[in-house]
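Please treat every number below as a calculation from the coordinates, not as lab data. Here the structure is a predicted model, which is why all the values come from computation and not from measurement. Cβ coordinates were reconstructed from backbone atoms using ideal geometry, including for glycine residues, and neighbour counts include every protein chain displayed.
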Amino acid sequence: MTGDRTLRLDVAYCALAALLLLTFARLLAPLTGLPATALAAAGLGVLAWTALLAYLTAVAPRRLALRIVLAVNVVATLAIAITAATSHDTLLTFLLAAVAAEVAAFAVTQALALRTLQPTAR
């Protein structure tokens, strides 16, 4: 997968995740045991990351954008996985584990795309 493609897919995934969190925060709250405001705040955080990710995808040199996004995705994967492992709610554990796996998959595609770039590639 090319660097452009993996970054654009990451933007789309994050935008959808933010939209779903913001739209369904009240519905998800009783299912996850989290306050709706916490879920909405997470949605806003993902939305902010989506905006930065879209900016990097559009403006930053490709190698730099991939490195930054890869690093953030690795850290996010670890944070989400740790949160999943320490959750006392079964549904929340499974949801977070799935998100951690999805974010990790993006990190892998970005690492592979980074390896295929020529040293002078944009």
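Expected output is a single nm value to one decimal: the length gained when fully extending between Arg5 and Leu117, i.e. 0.36 nm times separation in residues minus the C-alpha distance. What is it? Show your work: numbers first, answer last.
Details: separation 112, 0.36 × 112 = 40.32 nm, distance 1.30 nm.
Computed gain between Arg5 and Leu117 is 39.0 nm.
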Order of Phe24, Phe94, Phe106 under a 10 Å beta carbon neighbour criterion, fewest first:
Phe94, Phe24, Phe106
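Please work out the FRET efficiency for the pair Ala41 and Ile68, using the Cβ-Cβ distance as r and a Förster radius of 30 Å; give the result to the nearest 0.05. List each step's numbers first, then the result.
Working: r = 23 Å, r/R0 = 0.77.
The pair Ala41/Ile68 has a calculated efficiency of 0.85.
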Relative to the compact-globule estimate 2.2 N^0.38 Å (N residues), the Cα gyration radius of segment 3-116 stands at a ratio of 1.09
Considering only the other residues whose Cβ falls under 12 Å of the Cβ of Ile68, what net charge follows from Lys and Arg at +1 and Asp and Glu at -1?
+2
